[in-house]
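Derivation of every value follows stated rules applied to the coordinates shown; laboratory data play no part. From a predicted model like this one, the values you see are computed outputs, not experimental measurements. All Cβ positions, even for glycine, are placed from backbone atoms using ideal geometry, and neighbour counts span all protein chains on display.
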Amino acid sequence: MSDPSVPQYPGAPGGQPVPPAGAAPDPAYPGQPVAPMAAPPKKSKAGKIILIVLAVVLLLCIGGSAITYFAVRDTVGEVIEATQTRLVTPDTIAGRDLNADPEFQSLAEEMGAGLAADVPESTSSIGAFYGDIEQENLVMIAGVSGVMADPEQELADATEGDAMGLGMTNITDVDAGPKGGTARCGDADLEGIPGGVCVWSSRGALVLYVFYFSTGAEAGAALVEIRDAVEQTS
């Protein structure tokens, strides 16, 4: 005899209860398969990187708007040298190889192209990633070259307050190296990823780079090495 506590449905094979169409899985219906719970999607680290890329490009485009060509008696030599400054993308930076992942290469190309389009008077622009996000040694670099009317103001605009929206703290001046100019580095919260951000500005270039999974002090220690690798004078 069937159990009166379990709903019965016409045509049920062997007298087994059959759930209504579209019914949710229920222990009341023996033999009904239960769909496994889908695992929540992992938050993409690369997605976080995209947000940082957008912030950096916006920052440098704003800063690049101050690029201009001019000649003042006291700075003629600086201006001539600045017009000869070019930024390049070396094969390695700070011991990290150029990242060949298609997603990061695409982001890098967008950075470089975006800067070139938004700063038409620039003489060069770069965007690149080095290292590997899974190994937590990723570095991003972006910059433009051209004659800067006020390099110190460019640096201030890039680092004072929370110019990039990266939650930067512990911002300090660092040695910009023998090529001159000024530089600052600081700690940052990169969408939940700790990082170090550095910016250098000179008469001929404005460049920013990010050490993910790192600190401003560690990023700053590599500034002169990185600048020598990417900033050249023809």
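Key figures for this structure:
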| read-out | value |
| --- | --- |
| Pairwise label distance in nanometres, A217 with E109, each label 7 Å out on the Cα-Cβ vector | 4.0 |
| Computed lengthening from E160 to D228, 0.36 nm per intervening residue step minus Cα-Cα distance | 22.0 nm |
| Computed FRET value (nearest 0.05) for D132 with Q84, which takes r as the C-beta separation and R₀ as 30 Å | 0.30 |
| Rel. contact order, % - alpha carbon contacts under 8 angstrom, at least six apart, region 119-234 | 24 |
| Binned Cα-Cα distance frequencies in region 119-234 - 10 Å width, integer % | 14, 49, 32, 5, 0 |
